[in-house]
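No value in this document is a laboratory result; all are computed from the given coordinates. Because the structure is predicted, anything quoted here is derived from the model rather than measured. All Cβ positions, even for glycine, are placed from backbone atoms using ideal geometry, and neighbour counts span all protein chains on display.
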Amino acid sequence: MNNQAVFNIAEICARHGITDVILSPGSRSAPLTLAFARHPAYRSKLRVIPDERAAAFIGLGIAQATRRTVVLVCTSGTAGLNYAPAVAEAFFQQIPLLVLTADRPPSG
């Protein structure tokens, strides 16, 4: 697996001025979590909130207050679905959220 593309995501976010990242870590999203945790722009600014629903609403609140994009990172499966209520609210209020979820590995 080439993790360079995953590490590039953190760099792209930093170059676009994104300063807030909320992580809901899981095993499948570990490369995304590490990409943000190791990036110099995010080392001291990460928030780790294991509960995805709470994480999404905290991210929404930060984005509402700052009017800036907030990144939400979670693992695959229902974790992403737990973001849905906050994402719907963000959509209708035109609040910027960037949701990054992991993918399930191909069955082989």
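Considering amide H positions built from the backbone, and no H for Pro or chain starts, which residues 5 or more places from L72, or on another chain, come under 5 Å of its amide H?
I22, L98, V99, L100
So how far apart, in nm, are the two label points at Q64 and E11 if each is 7 Å from Cα heading toward Cβ?
Placing both labels 7 Å along Cα→Cβ, they lie 3.6 nm apart.
Give me the distance in nm between label points sitting 7 Å out from Cα along the Cα-to-Cβ direction at L98 and A30, one decimal.
Taking the simple label geometry, L98 and A30 are separated by 2.4 nm.
For V48, enumerate residues with amide H under 5 Å from its amide H, sequence gap 5+ or separate chain, H modeled in the peptide plane.
Counting only residues 5 or more places away or on other chains, the set is L23.
Using Cβ counts within 10 Å as a stand-in for footprinting exposure, how do S24, S44, S29, S76 rank, fewest first?
Final ranking by Cβ density, sparse to dense: S44, S76, S29, S24.
Once the cut-off is 18 Å, how many percent of the Cα-Cα pairs in the stretch 4-101 end up in the long-distance tail?
The answer is 39 percent, as a whole percent.
With only Lys, Arg, Asp and Glu charged, each at its Cβ (+1 for the first two, -1 for the last two), find how big the charge dipole of the chain is about the Cα centre; round to the nearest 20 debye.
That gives a dipole near 260 debye.
To make sure I understand, if each residue's beta carbon is the centre and we count other beta carbons within 10 Å, what order do R68, R43 fall in, fewest to most?
Fewest-to-most Cβ neighbours within 10 Å comes out as R43, R68.
Would you please give the FRET efficiency between E89 and Q4, computed as 1/(1 + (r/R0)^6) with r the Cβ-Cβ distance and R0 = 22 Å, to the nearest 0.05?
0.05
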